[in-house]
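Here's the structure we're looking at; comments come further down.
The values are calculated or read from the model by the stated rules, or taken from the named source; none is laboratory data. Because the structure is a prediction, the values reported are computed rather than measured. Positions of Cβ are generated from backbone atoms using ideal geometry, with glycine treated the same way; all protein chains shown enter the neighbour counts.
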Amino acid sequence: MTSLKTFRATALLTGTVIGAGVLGIPYVVAKAGFLTGLLIIVALGLAMLMLHLFVGEVVLRTPGNHQLPGYAEKYLGKWGKRLMVFSLFFGIYGALIAYLIGEGQVLSAILGLTPSTFSIIFAIFSAIFVYRGLKTISKLEIYFLAIVLFFLLLLSGFAIFSGKFTTENLAGFSLVNLLIPYGVILFALHGAIAVPEMKEYLVKNKSKLKKAIILGSIIPLIAYILFTFATIGITGINTTELATIGLGNSLGESMILFGNLFAIFAMLTSFLTLALAMKETYIFDYKIKPLPAWALTMMIPIIIFLVGINSFIKVIGITGAFSVGLQGILIVLMFWKARKHGNRIPEYKLGKKFFIGLLLILIFILGIVYQFIDIF
């Protein structure tokens with residue numbers, strides 16, 4: 001039973017991380033050069049692992065259930081909560097919008113109706129499970145995650161051994177292009193919002209949280225490297241914004257079907273967990289009743305989507321740099337404060353980690369500045 005709960009908690013984090021971002025990584029890595037992108041994937045993957053562990057220690061040092069704004073208020077005060085709320089709302093709603101866009105596009109590619117029609121159908125379907133809550137989604141995550149990883153391995157293996165894979169596409173390194181993939185990759189690797197939910201699920205096995213965080217962070221990192229390696233090895237500089245479309249064009253109609261099925265389940269897992277986190281933020285930290293909290297969670301991204309936002313690469317790039325960057329800075333500050341002012345002894349301790357925390361803050365600031373300059 002203990003190992004099963006650890007596995008489910010791991011699946012909750014892995015399922016949160018693996019989403020629409022994986023479909024955009026090959027495109028931005030191809031633009032930067034494969035070796036350049038690989039360096040950024042590994043560096044940001046390790047940075048996110050440490051950040052997730054920081055959140056884990058914070059939640060273990062704090063009695064009660066909260067989401068990130070609640071922890072920010074406790075350890076940083078009102079200003080910390082306001083900034084965390086802004087980053088959380090911006091980030092989660094940005095992600096939910098990206099998933100609505102992506103799901104509509106891939107379902108349209110398979111079934112033929114307009115992308116907007118399928119985006120709305122997907123939103124209605126997901127809303128049912130978000131309404132049901134954590135227990136339902138935690139059970140579904142295991143099955144959805146298994147499907148996602150199966151399709152990812154299938155796609156990657158088929159691409160590598162298709163006969164069209166060439167290592168010539170994997171060359172290229174440029175320091176000038178180092179930050180081109182930053183926003184999309186940071187978006188794709190970030191899953192801190194799931195850590196408080198993991199603690200809820202491991203309420204009687206909190207000592208397993210560290211292991212679940214490490215596994216839940218490393219699995220997506222390995223998966224992203226493999227998928228990017230396989231995709232760029234086939235499509236090279238012709239890699240499309242939705243990577244599975246380019247693979248399908250290169251490898252045939254069957255790959256379009258398998259690739260889009262992979263995309264559907266990858267985005268579904270993240271949509272469900274992030275929507276649940278948003279709903280719980282309203283319930284735990286704003287004392288809003290479950291029904292209106294659910295309505296606020298689901299209606300806002302649908303309305304923004306209907307206004308006409310339809311580029312998922314731009315959405316996830318901006319969301320990653322600004323939202324995840326700001327969240328990352330606040331999490332480091334929370335971690336330092338929680339070590340001094342936490343109300344309980346945590347099941348694991350990382351130590352002060354001052355220089356690592358400072359390095360993370362510098363990385364996040366650099367990414368925000370770069371994205372701001374790139375927009376204008």
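Odds and ends about this structure:
- Lone unmet requirement of (1) over 19 Å from Phe151 (Cβ atoms); (2) surrounded by fewer than 20 Cβ atoms within 10 Å (Cβ to Cβ) for Ala275: (2)
- Qualifying positions in segment 280-310 - among the charged types (D, E, K, R), out of contact with any Gly (no Cβ under 8 Å at 6 or more places or on another chain) and at pLDDT below 90: Glu280, Lys287
- Flag if Gly37 is crowded, with 21+ Cβ neighbours inside 10 Å, assigned to a helix (DSSP H, G or I), of a type outside the set (A, V, I, L, M) and within 14 Å of the chain's Cα centre (by Cα): no
- Restricting attention to segment 340-376, the residues that are of a type outside the set (Gly, Ala, Ser), closer than 17 Å to Ile213 by Cβ and over 18 Å from the mean Cα position of the chain (by Cα) add up to 7.
- Which numbered condition Pro346 fails, given (1) farther than 18 Å from Ile92 by Cβ; (2) touching a Phe, Trp or Tyr at 6+ places or on another chain (Cβ under 9 Å): (2)
- Where Val29 falls short, out of the listed (1) free of Cβ contacts under 8 Å to residues at least 60 places away in the same chain; (2) under 22 Å from Ser156 (Cα atoms): (1)
- Single match in Lys31, Lys81, Lys5 (criterion: assigned to a helix (DSSP H, G or I), out of contact with any Pro (no Cβ under 8 Å at 6 or more places or on another chain) and of a type in the set (Lys, Arg)): Lys5
- Scanning segment 143-178 for residues that are under 21 Å from Ala95 (Cβ atoms) and surrounded by 18 or more Cβ atoms within 10 Å (Cβ to Cβ) gives Phe144, Leu145, Val148, Leu149, Phe151, Leu152.
- Residue, nearest to Leu60 (Cα to Cα), within segment 326-376, restricted to residues that are basic (Lys, Arg) and not in a helix (DSSP H, G or I): Arg344
- For segment 48-78, the candidate set comprises residues that are part of a helix (DSSP H, G or I) and charged (D, E, K, R); within that set, the residue that is surrounded by the fewest Cβ atoms within 10 Å (Cβ to Cβ) is Lys78.
- When residues of segment 303-329 are limited to those that are among the hydrophobic types (A, V, I, L, M, F, W, C) and in contact with a Leu (Cβ under 7 Å, 6 or more places away or on another chain), the one nearest to Ala277 (Cα to Cα): Val324
- Long-range neighbours under 7 Å by Cβ, at least six apart or interchain, first residue touching a residue at least 60 places away in the same chain (Cβ under 8 Å) and under 19 Å from Ile92 (Cβ atoms) within segment 192-216, second among the hydroxyl-bearing types (Ser, Thr, Tyr) and crowded, with 24+ Cβ neighbours inside 10 Å: Ile193/Thr16; Ala194/Thr16; Ala194/Thr273; Gly216/Thr10; Gly216/Thr14
- Residues being β-branched (Val, Ile, Thr), touching a Ser or Thr at 6+ places or on another chain (Cβ under 8 Å) and either assigned to a helix (DSSP H, G or I) or at pLDDT 95 or above (or both) - total across segment 15-28: 3
- Looking only at residues in segment 35-81 that are out of contact with any Gly (no Cβ under 8 Å at 6 or more places or on another chain) and of a type in the set (S, T, N, Q), the one that is modelled with the lowest pLDDT is Asn65.
- Of all the listed residues (Thr36, Thr6, Thr16), the sole one being among the hydroxyl-bearing types (Ser, Thr, Tyr), in contact with a Lys or Arg (Cβ under 8 Å, 6 or more places away or on another chain) and in contact (Cβ under 8 Å) with a residue 40 or more places away in the chain is Thr6.
- Long-range neighbours under 8 Å by Cβ, at least six apart or interchain, first residue under 11 Å from His341 (Cβ atoms) within segment 67-78, second in a loop (DSSP other than H, G, I, E, B) and at pLDDT below 95: Lys74/Thr62; Lys74/His66
- Within the set Ile313, Ile234, Ile245, the sole residue that is modelled with pLDDT of 90 or more, crowded, with 17+ Cβ neighbours inside 10 Å and within 30 Å of Glu168 (Cα to Cα) turns out to be Ile234.
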